[in-house]
Every structure is written in structure tokens, then in C-alpha cells.
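Undergrad: Supplied in C-alpha cells, the structure appears directly below.
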Amino acid sequence: MSRLLIVSNRLPITLVRREGKLRAEPSHGGLATGLGSVYPSPDSLWVGWCGIALERLRGQEEVVQEMLAEKRCRGVFLSQYDIENYYYGFSNKTIWPLFHYFPLYTIYNKHFWEAYVRVNKIFCDEVLRVANEDDVIWIHDYHLMLLPQLIREKRPEATIGFFLHIPFVSSEVFRLLPWREAILEGLLGADLVGFHTFDYVRHFVESCRRILGLEHDLGYIAVGERNVRVDAFPMGIDYRKYSTAAEIPDVKAHIKRIRKRVGDHRIILSIDRLDYTKGIPERLEVFELFMEKNPEFREKVTLILVAVPSRTGVEHYRMLKRRVDELVGRINGRYGSIGWMPVWYLYRAVPFEMLVALYSLADVALVTPLRDGMNLIAKEFVASKRDGTGVLILSELAGAARELGEAIIVNPNNKEQIVSAIRQALTMPKEEQIERNRRMQQRLARYSIGGWVGDFIGTLERIKARQREIAITRLSEEVISKIVADYKRSEHRLMLLDYDGTLIPFSDYPRRAKPDDDLIPLIEALVKNPRNEVVIISGRDKETLDAWLGKTSVGLVAEHGVWIKEKDSDWQMIEHLSNEWKDEIRPVLELYADRTPGSFVEEKGYSLSWHYRRADPGLASVRARELREDLANLTCNLSVGVLEGSKVIEVKNVNVNKGRAADHWLAKRDWDFILAIGDDWTDEDMFAVLPETAYSIRVGMSVTRARFNVHSYREVRALLERLRE
Ligand code: GDG
């Protein structure tokens, strides 16, 4: 039976050594809390670091594994050196700051990187040790970005999902990373890569395009033979757990106790891990400004600040702690009075019952991170509001802001705006609070943590099924043997072959894609066989085709079918065409070439094309979209059509396409063997007119009318070599 294998840096339980004895305690943080609700289940296993250095386990690894196995966990053991360099180092001093737009905090250190690679390999070994063939492997977060590819290398067929819990930065920031290629390649080892928001999806696919040159098509990236899906899955919470928590006796007791202490003061709540991305000092400054600007609220409002210790071994976190301590002291000293302390400060994790008691009591939750992948605190606060009252003030730079639009959304750097938001929150009529919260609650209840897990795993299974479908159309050795056998048996064979991308690889400059030394003899050999009729059916102009292939007496089609040249005869036009439209279209294309460095216009007898292979991909895709719109307007009264090939937009007379050219040859006689091969969508017109018995092959793993797909021109050449023999 297939199991769900969750893999993350930390397990949902952390081992601690107390009085010489090992104990298991629950882990804190977004991932553990979130997935903890759907875990453990009998058909799942969680693989991760157990929280204690190998040196301190003193040979007790087996005992630890047994302890962990009871909780359906499997431990990964890391040395103190690796924890320092992989966890505190690369994960938390390189990736964490960079991915939260803190490039100045980012340390690029070769030893950190080496440890990161090594630990990802240790995780890989452990996963391979416990994973069955048909298990679904779900890897989490930024500590393990190389792991998908490492597993893929060893288990090419594995089902692997990856989810990133933090933001994926804009490609402009991501490119700062010296190991950027390896990170992207690592992630693309997965079948599904998930992020919290669509913005992060955009940043990721853009980075893949700019850095690895991989195009994406509606969230699919073709990586070798695999189609990798990239999509947004905003993480939900266990809605019921929070919405019903106030009924728990312990929670009720906490509520009563805190209320007695706070009296009738209004409560503003702030809870986070103590992390510089969460904007805690900035929030304290805002609260100070609020006190200063709104004296009528002094002695009436209390800010409860829970800061959960985090990564205390990292210098920036220690500095942050000092800063927060100072600010709390300053505000309490400045505005406090006998009997009223403006800020209640807890530097520790609180138990769940206390946490939800605070959610339940708070009038306002102030959630103003400078950057946050999602932020579950905001969601938990809203879910805990049984009577619907309470106001959420939420940073627009938290992923959660995309779903919680009824909150008061603020820019965390705009102090004045947050000060007015606090005022607005404290004076908001109850009905309005309820109306806003109810809408958010409905949404959170619908897409809760179970829905999130189901959605992710469901999508992963669908992409796997899709990959299998593509694998079926992949030209197999078996089909190749059948093609060769049919070829040998037949008397009248027609071969229609596209040129660029099919017989020869693409080049930055079309003029450079000349036939190489192997191609001409191959074509000559095929043409020489009296049973063969071979036609190169191309979009290029007839002069180029003549110059490159004229000597071989192969049949030729130029400009997608404007011109045809039968074996050993002259060029002729399929039908008479006019060229007058060119004067109108040429200046438009030239303008786009001028505005898009690296692109250029190519003119052929009956067509004009704008090529953008060498242009900046981001700019080119914007320009291509604009050009398509311009051309749609300009060409509506002309008898021309607009075609899109691989990095080229071409305008040419309508009625001219490779299908018509193919028809010309198909009609010549009864063929008992037909083979057609092409690589872009102009070749689809050719595939469309073929009889069912024909062998048609599309180069590239795209959806196609052709019966089979191959990976690259090399496989086409290999197939033709087999036929030549
Ligand atoms: C990362 C991303 C993303 C916190 N303090 C206590 C406590 N918690 C629990 C909360 C909540 C979780 O920890 C914190 O989650 P966040 O989402 O706010 O933040 P990160 O830890 O930074 O998590 C984040 C998340 O992953 C999920 O993908 O949203 O953007 O940075 O569930 O309840 N729980 C208890 N005591 C505490 O003192 N019991």
C-alpha cells in the first residue's frame, strides 16, 4: 500500500535531554502545527532531524529510532558541525534572509553550502532507506531544496512533491545566490512544486526561465522528459480546532485569569517567533507612536507581546532580542503608571491553551511582518473568534493577506498608516467586525488544513498520471522497431521532415543553423534510395534551402508552403500570392525590433518574421504579447495570418501552411509508408492532414496531434540513421 512520506528538517517532535534522559516534546512553528493536525496516520511516516546533535546521542541511535517509530517518525542524525553550517549557516544565514528580501543579512559562505549539500544527501539516504517504490514523498521547506533531485537521480519513477513555506523571492534577488542553478535544479527534481501564493509561483518560474532557460506553459515546466507542475496552495489551518477551542476547560480558566489581570483594558495581541522578518521592533515603535498620538487611549489599552525564542544561535537574532527588550523597557518606562503596564512581554513559547485564550480575549491582533510566506497566526486568530468580534490588522507582505482581504491591510513600513489602523480597529462598530470576520471564517473553514493537504496530494497524483500519459506517446524502442520493419517492407515511402529544431538544433542566429557534416550524407543516402521520396518542409526562404540542401536533390518546401520544389526540378508557387501587405507590416515589426534589444526582423518572399530568441525573455514575452495585439488589429483587413513558432512571430499570406504543402505530396500517389516529423506548431498543420496509418513524431514533449513525441533532434537523426541502414 502506498504511504505518505513527509520529509522536513524538523520532526513534529523534538528530542531533549533532561537529567540525562531523552524525552520527546512537541515542536513549535508553522509546519509542525499545521501538518500536526493531519498527522500521524497509520499510512504515513515523517522523516526529519530529531533536534539533538549526533555527538550528544552517545551511540543511542537505535533507541532513538525506536522512540520515534512509536510516533511514526524516522530520525535523521546530524553532527554538531552540520547543524552549525547547514541549519544555522546555509538555511538560516543564507536562504532565510535572502528569501525574505534581507540581502544585507545574507552570508554567502562556501562551507555553509558544502554542509547544505552534504546534509541533503544524508536526508536522501535516509529517505531511500525507508521509502517503498509507490510511496508519495512530500518534502517541505527551504532546508531541503536539493533533496527532490537527489531522490530523483536514484529513483527516477518516484512521486515527489515539494512545498516551500517561505516566500520565493523575485528573480532579481534570487540571482544574487552563487548556487542559484543548483537550487533550481534541485527543486525541479519534484513532480509538483508548491508555494503559498501565486506571486511566489511567478517568481519561481521566472527564475527558471532566466537562470536555466526553461520555459513554462501554464504552470508546467518541461524538464527533460518530465513535466513539472508549479502551483499555489495557500496553507490552511485546522479550523475546527481553533473555532471550538474556547470550550476547553483549561482555555476557559486561562481566559478568566488573564481577564482578571487586565481588567477592562482593551487588548492588542502580538505573537510571533522572535524573527527579524516579523517586524517586532517596528511594531513596538508603532505602538509607542500610537500612545503618543492618542493620549485618550493611555491606561485603556494593553499590548500583549509574545515573542517565541528562535534561532538564538544566530547573531541577528541576538541583536533583535536586545532591541526588543530595550523598546519594551522604553515604552513601559515612558507611558506606564502604577497599576498599568502598556506592554506585557513574554519571551517564551506558551501552551496551546494559553495561546487560544489570548486569541479569544484580544480585541485587535497586530500582525505586521515585513515579509512572511503565509502567517498562520493571522488565520488562527480569526478562526478563534467565536462571536465574530475582534479586528485583524495584517501586513500586505504576508502571504495570508491574499486570502484575508477583510482585515485592515497595512504596509508594515508605514507607521502612520498602522497607527490609524489601530485607532480604526479600536473604534470599529461590533457589527462591522462581525461582518468582516464571518466572511474570512467561511473561507478558512472551507479550505482548512485537510483541504490543503488533499489539494496538494491530489494535484501531485494528477501530474503523475499526466506524465504517464506522455510516457505512452514517447517514441519507444518497440515503436522504432516497428517503424523500421514497416519501412523495409514498403515500396513507396514518403518522408516529410521539418528542418530547424527537427534535423538540426536551434541557434541564436538562424543563419548559423547550417547542415552539419553528418546531415548532408544522411539526406543524400535517403534520397538516393529509389523507393523514397524525401521532402524537407521548412519555414525558411528558398535561397537558403537551395544553398544548404540544393545539391542533394531532396524535395523542398520553403516559407511554410509558399514555394515547393520537386526532386530535380525548379521552384514553383502552389498558388499566386500578393505581397502588398508587407509595406504596412514591416515598419511595425521593425519598431518592435528597435524596442527589444536582441530581436530582429527577417524578410522572406511572402512572409515577415520577428525573431526574439536572443532577447531578454521577460521583456520579449511582454513585447510578443503587445505585438500579437497590434497585429490582430492591423491584419484584420489583409489576407494574411499571424503564426507563432518557437521564439518567432511570423506574418504571412493565409492559405499558406505546411498542411497544404504536405497535401501536395500526399496526393501524388498511394504511399505505403509515411513518416512526418516536426517540432513546433506550424508542423501541427502537417500532422493534421496525414492519414491514420502515417507515423508522425513531434520533437519536444508538448501536447500534439502527432502520434509520438521524442526529446530532441538527436533522436530524429538516430531514427533516420536506422532507416538509412
Ligand atoms: C513558516 C513561515 C508560514 C507560535 N507561537 C506559539 C505557537 N505558535 C504556532 C502558531 C502557528 C505557528 O506556530 C507559527 O506559524 P507562522 O505561520 O506564523 O510562522 P513561521 O513559524 O515563521 O512559519 C510562515 C508557515 O511556515 C507555514 O507554512 O505561514 O510564513 O515563515 O501555528 O500557532 N504555538 C504554541 N505556543 C506558542 O507560543 N502552542
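Undergrad: Please list the non-local residues whose amide H lies under 5 Å from the amide H of V308, H modeled 1.01 Å from N, same-chain partners needing a gap of 5 or more.
TA: D272, R273, L274
Undergrad: So how tilted is helix 249-262 from the main axis of the chain? Cα-based, degrees 0 to 90, rounded to 10.
TA: 60
Undergrad: Okay, moving on. Excluding same-chain residues fewer than 8 positions from K300, which lysines have a Cα within less than 28 Å of its Cα?
TA: Excluding near neighbours in sequence, the set is K252, K256, K260, K278, K321, K379, K385, K415, K430.
Undergrad: Mind checking which lysines have their C-alpha under 26 Å from K514, skipping anything on the same chain fewer than 8 residues away?
TA: K528, K542, K551, K565, K567, K604, K647, K652, K658
Undergrad: Once the convex hull of the alpha carbons of region 582-653 is built, what does its volume come to per residue, in cubic angstrom?
TA: About 72 Å³ per residue, rounded to a whole number.
Undergrad: Another question, then. Can you compute log10 of I(q)/I(0) for region 18-166 with the Debye formula, treating each Cα as one identical point scatterer, at q = 0.16 Å⁻¹?
TA: -1.00
Undergrad: On C-alpha positions alone, give me the angle between the axis of helix 198-212 and the longest principal axis of the chain, in degrees, nearest 10.
TA: 50
Undergrad: Per the Kirkwood definition applied to all pairs of different Cα atoms, how many angstroms is the hydrodynamic radius of region 39-80?
TA: 10.7
Undergrad: Here's something else I'd like to know. Express the C-alpha Rg of region 336-399 as a ratio against the empirical globular expectation 2.2 N^0.38 Å, rounded to two decimals.
TA: 1.25
Undergrad: With only alpha-carbon atoms counted, please give the Rg and Dmax of region 130-195, in Å.
TA: Cα-based Rg and Dmax for region 130-195 come out at 12.3, 40 Å.
Undergrad: Could you derive backbone 3J(HN,Hα) for region 648-659 from the dihedral phi with the Karplus parameters 6.51, -1.76 and 1.60 (θ = phi - 60°), listing whole Hz in sequence and x where the residue is Gly or Pro?
TA: Residue by residue, region 648-659 yields 8, 10, 10, 10, 7, 4, 5, 6, 9, 7, 5, x Hz.
Undergrad: Moving on to the next point. Would you kindly give the portion of the calculated P(r) for region 178-291 that falls above 17 Å, as a percent of all Cα pairs?
TA: 72
Undergrad: For region 284-377, list log₁₀ I(q)/I(0) at each q in 0.11, 0.16, 0.21, 0.25 Å⁻¹, using the Debye formula over Cα point scatterers of equal strength and ignoring solvent, two decimals each.
TA: Results for region 284-377 at q = 0.11, 0.16, 0.21, 0.25 Å⁻¹ read -0.37, -0.80, -1.30, -1.50.
Undergrad: Under 13 Å from the Cα of K464, which aspartates and glutamates turn up, not counting those fewer than eight places away in the same chain?
TA: Straight-distance partners of K464: D134, D135, E157, D191, E225.
Undergrad: Which ³J(HN,Hα) values in Hz, rounded to whole numbers, follow from the phi angles of region 308-322 under the Karplus curve 6.51 cos²θ - 1.76 cosθ + 1.60, where θ = phi - 60° and Gly and Pro get x?
TA: Once θ is set to phi - 60°, the couplings for region 308-322 become 8, x, 8, 6, 5, x, 9, 3, 4, 6, 5, 5, 4, 4, 4 Hz.
Undergrad: May I pose another question? Collect residues whose amide H, placed 1.01 Å from N in the peptide plane, falls under 5 Å from the amide H of I52; neighbours closer than 5 in sequence don't count.
TA: Residues meeting the criterion, in which the H sits 1.01 Å from N, are L15.
Undergrad: Report the Cα centroid-to-centroid distance between region 34-64 and region 257-327 in angstrom, as an integer.
TA: Between the Cα centres of region 34-64 and region 257-327 lies a distance of 34 Å.
Undergrad: Can you give the FRET efficiency to the nearest 0.05 for N655 and A182, using r as the Cβ-Cβ distance and R₀ = 51 Å?
TA: Efficiency, rounded to the nearest 0.05: 0.55.
Undergrad: Return one number: the angle in degrees, 0 to 90 and rounded to the nearest 10, between the long axis of the Cα atoms of helix 61-70 and the longest principal axis of the Cα atoms of the chain.
TA: 90
Undergrad: Moving to a separate point now. Give me P(r) over region 511-625, computed from all C-alpha to C-alpha distances, binned every 10 Å, as integer percentages.
TA: Over region 511-625, the share of Cα pairs per 10 Å bin runs 12, 34, 30, 19, 5, 0 percent.
Undergrad: Out of residues 5 or more away from S712 or on other chains, whose amide H comes under 5 Å of its own, with H placed 1.01 Å from N in the peptide plane?
TA: G700
Undergrad: Right, here's the next one. How compact is the chain by the rule of thumb for globular proteins, expressed as Cα Rg over 2.2 N^0.38 Å? Could you put the intermediate results ahead of the total?
TA: Working: Rg = 32.1 Å, N = 725, 2.2 N^0.38 = 26.9 Å.
For the chain, the normalised Cα radius of gyration is 1.19.
Undergrad: Modelled label-to-label distance, S639 and E55, 7 Å Cα→beta-carbon offset: nm?
TA: 8.4
Undergrad: Still on this structure, I have one more. Kindly state, as a whole number, the per residue volume in cubic angstrom of the convex hull around the alpha carbon atoms of region 440-503.
TA: Numbers: hull volume 10.4 nm³, N = 64.
Dividing the Cα hull volume of region 440-503 by its residue count gives 162 Å³.
Undergrad: Here's a follow-up. Between region 518-543 and region 115-169, what is the separation of their alpha carbon centroids in Å?
TA: Centre-to-centre distance over Cα atoms comes out at 47 Å.
Undergrad: Tell me which of Y347, T368, Y87 sits at the most positive position along the dipole axis of the chain, charges placed on C-beta atoms (Lys, Arg +1; Asp, Glu -1).
TA: So the residue furthest toward the plus end is Y347.
Undergrad: Right, here's the next one. In units of 2.2 N^0.38 Å, what is the alpha-carbon radius of gyration of region 240-446? Don't skip to the answer; put the middle values down first.
TA: Working: Rg = 16.0 Å, N = 207, 2.2 N^0.38 = 16.7 Å.
The value comes to 0.96.
Undergrad: Another question, if that's okay. Normalised by the number of residues in the chain, what is the relative contact order in percent for Cα pairs under 8 Å and 6+ residues apart?
TA: Contact order relative to length: 9 percent.
Undergrad: Mind putting a number on the dipole of the chain about its Cα centre? Charges go on the C-beta only, +1 for Lys and Arg and -1 for Asp and Glu, and I need it in Debye to the nearest 20.
TA: That gives the chain a dipole magnitude of about 3060 debye.
Undergrad: Continuing with this model, one more query. Beta carbons within 10 angstrom, averaged per residue: use that to sort the peptides 660-668, 425-433, highest first.
TA: Values: 660-668: 18.3, 425-433: 14.1.
Sorting 660-668, 425-433 by mean packing, highest first, produces 660-668, 425-433.
Undergrad: Per DSSP helix of 4 or more residues, -39500 (n - 2.57); summed, then divided by the residues of the chain. What does that give at 222 nm, rounded to the nearest 500?
TA: Details: 25 runs with 296 residues, N = 725.
Dividing the helical sum by the residues of the chain leaves -12500 deg cm²/dmol.
Undergrad: A further question on this structure: What's the percent breakdown of Cα-Cα distances in region 415-455 across 10 Å bins, shortest bin first?
TA: 25, 31, 27, 17, 0
Undergrad: While we're on this one: What whole-number volume per residue, in cubic angstrom, does the convex hull of the C-alpha atoms of region 369-502 give? Could the numbers behind the result be given before it?
TA: Details: hull volume 25.7 nm³, N = 134.
Cα convex hull per residue, to the nearest whole number: 192 Å³.
Undergrad: I'd like the projected area of region 59-101, averaged over all directions, using the convex hull of its alpha carbons. Report it in nm² with one decimal.
TA: The Cα convex hull of region 59-101, projected and averaged over all directions, gives 3.9 nm².
Since every read-out is calculated from the coordinates, none of them should be taken as a lab result. All figures in this text were calculated on a predicted structure; none of them were measured in a lab. So basically every Cβ, Gly included, is an ideal-geometry build from the backbone, and we count neighbours across all protein chains shown.
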